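Asker: Okay, handing you the structure first.
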Amino acid sequence: MIHNMALLKGVGNFFALDIGTNAVRVVQLSSTGADSWNLQHYGYAAVDEKTSASDSAESRRRLGEIIMTAIGQSGIKEKNVVIGLPSSKTFTTVIDVPNMGEAELKSTIKYQIDQYIPMSVEEAKVDWALLGQSLHDTKQQEVLLASTANIYAEERLEFIESLGLNVIAAEPDPIAMIRSLLPSGIKDARLIIDVGEQSTDLAITFGDSPRLVRTIPTGLRSLIKAAVQNLNVQDDQARQFILKFGLAPDRLEGQVYRAIESTLDNFATELVKSIKFFQTRYPNTPVGGILLSGFGAVVPQFGEYVTAKTGVPSSLANPWQKVRVATADQQKLGSIASEFATVIGLAQRRNNS
């Protein structure tokens, strides 16, 4: 059953499901052109972090109810679903292989996979996609590898199918977010930063493909923790401070910024490291801009901070840029609109078969 679960391939009619740490999001789009869609349905239901993180039968039952609530609200009737796999449960990498045809590649790549993924091939579900010619060696081509543990993939699949849905594909969240966040026709490299509750997904793209994908274990929660410790405030107040004053050195006499500064500096170091790694591998392909998503698009002055630390101009990414949304829906989405990068990206998968 699990072996038909495409991690990277295209699909037919379906809706997308993103089970996040703080919310469940569902989206169904209809295609209106090469890179444009209409929003048909969407749903959103908040999740308690304890529920999304736990493996207990009770938490799973509760999560199932929340998923069905989001689907119920959305008006989605479709049973086929594409799901996102959190980056903490997936491993994604780009490798070089000699130039050869797709059929030959198919037969050789399975013998090479075990040297690239952090678990044994028997225990992993692996998928790959050809990205095209290598950017730094004309005799090579680049392949995107994505893997997840069989046990996790099977449990997730059984859980979703127990709700009466049919999982036709699963895809790592960072791969999905690229589709929604990267504007059409970008010629140079871009660093996409999607800041979540617990961690941050990064991707450096060239053309419309990821060339580097990684996760940094710093998210909004890390900043809240630092603020709680250093400002002597409660969790919810620390969250309000960060979302309201952000990294502005002149608000509250710069106290919030100072409280979270060392956590931010570690985060910035990881960004710089990723850019350096990319530039070493692709010396002729400068990173031309940074796109901020998730809490990175919400926390005031976050972009200015990132630009100052990396020397690369940053701007807010818009996950809805290729999607037409009715005015009434725009108003309803309001403050949560920035959280939809992954689920819209999943919904924007094409049927390539």
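The values are calculated or read from the model by the stated rules, or taken from the named source; none is laboratory data. Please read these numbers as outputs of a predicted model, since none were measured by experiment. Methodologically, a virtual Cβ is constructed for each residue, glycine included, from the backbone with ideal geometry; neighbour enumeration extends over all protein chains shown.
Conditions (1) surrounded by fewer than 14 Cβ atoms within 10 Å (Cβ to Cβ); (2) of a type outside the set (Ser, Thr, Tyr); (3) modelled with pLDDT of 85 or more; (4) in contact with a helix residue (DSSP H, G or I) (Cβ under 7 Å, 6 or more places away or on another chain), marked per residue:
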{"residue": "Glu122", "(1), (2), (3), (4)": "yes, yes, yes, no"}
{"residue": "Lys125", "(1), (2), (3), (4)": "no, yes, yes, yes"}
{"residue": "Gln140", "(1), (2), (3), (4)": "no, yes, yes, no"}
{"residue": "Ala149", "(1), (2), (3), (4)": "no, yes, yes, yes"}
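Asker: Condition first: touching a helix residue (DSSP H, G or I) at 6+ places or on another chain (Cβ under 6 Å), buried (at least 20 other Cβ atoms within 10 Å of the Cβ) and either of a type in the set (Ser, Thr, Tyr) or modelled with pLDDT under 95 (or both). Now tell me which residues in segment 1-43 satisfy that.
Answerer: Answer for segment 1-43, where residues must be touching a helix residue (DSSP H, G or I) at 6+ places or on another chain (Cβ under 6 Å), buried (at least 20 other Cβ atoms within 10 Å of the Cβ) and either of a type in the set (Ser, Thr, Tyr) or modelled with pLDDT under 95 (or both): just Tyr42.
Asker: Scan segment 83-102 and tell me whether some residue there is polar (S, T, N, Q), over 30 Å from Leu39 (Cα atoms), over 26 Å from the mean Cα position of the chain (by Cα) and not assigned by TED's automatic domain parsing to the domain that holds Ser199.
Answerer: Yes, the conditions are met somewhere in segment 83-102.
Asker: Based on this model, can you work out whether Ile113 counts as modelled with pLDDT under 90, crowded, with 18+ Cβ neighbours inside 10 Å and not assigned by TED's automatic domain parsing to the domain that holds Leu29?
Answerer: It is false that Ile113 is modelled with pLDDT under 90, crowded, with 18+ Cβ neighbours inside 10 Å and not assigned by TED's automatic domain parsing to the domain that holds Leu29.
Asker: I've got another one for you. All but one of (1) in contact with a helix residue (DSSP H, G or I) (Cβ under 9 Å, 6 or more places away or on another chain); (2) surrounded by fewer than 18 Cβ atoms within 10 Å (Cβ to Cβ) hold for Leu145; state the number of the condition that does not hold.
Answerer: Every condition holds for Leu145 apart from (2).
Asker: Moving to a separate point now. Taking segment 64-81, which residues are part of a loop (DSSP other than H, G, I, E, B) and either touching a residue at least 24 places away in the same chain (Cβ under 8 Å) or buried (at least 19 other Cβ atoms within 10 Å of the Cβ) (or both)?
Answerer: Of everything in segment 64-81, those that are part of a loop (DSSP other than H, G, I, E, B) and either touching a residue at least 24 places away in the same chain (Cβ under 8 Å) or buried (at least 19 other Cβ atoms within 10 Å of the Cβ) (or both) turn out to be Gly75, Ile76, Glu78, Lys79.
Each row is one residue, and each column tells you yes or no for (1) touching a residue at least 60 places away in the same chain (Cβ under 8 Å); (2) surrounded by fewer than 21 Cβ atoms within 10 Å (Cβ to Cβ); (3) over 17 Å from Phe91 (Cβ atoms).
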| site | (1), (2), (3) |
| --- | --- |
| Leu191 | yes, no, yes |
| Gly196 | yes, no, yes |
| Asp201 | yes, no, no |
| Ser209 | yes, yes, yes |
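Asker: For segment 273-288, enumerate the residues that are surrounded by 15 or more Cβ atoms within 10 Å (Cβ to Cβ) and part of a helix (DSSP H, G or I).
Answerer: Ser274, Ile275, Phe278, Gln279, Arg281
Asker: Which residue is farthest from the chain's Cα centre (by Cα), if the candidates are limited to segment 138-153 and must be in a strand (DSSP E or B) and of a type in the set (Val, Ile, Thr)?
Answerer: Per the criteria, the residue is Val143.
Asker: Output the residues belonging to segment 289-301 that are among the small types (Gly, Ala, Ser) and in a helix (DSSP H, G or I).
Answerer: Gly296, Ala297
Asker: Residues that are outside the structural domain of Val323 (by TED's automatic domain parsing): find the strands (runs of 3 or more DSSP E) completely inside segment 158-271 holding 2 or more of those.
Answerer: Hits in segment 158-271: 189-195, 200-206, 209-216.
Asker: Is at least one residue of segment 66-79 closer than 18 Å to Ser199 by Cα and of a type outside the set (A, V, I, L, M, F, W, C)?
Answerer: Within segment 66-79, none of the residues are closer than 18 Å to Ser199 by Cα and of a type outside the set (A, V, I, L, M, F, W, C).
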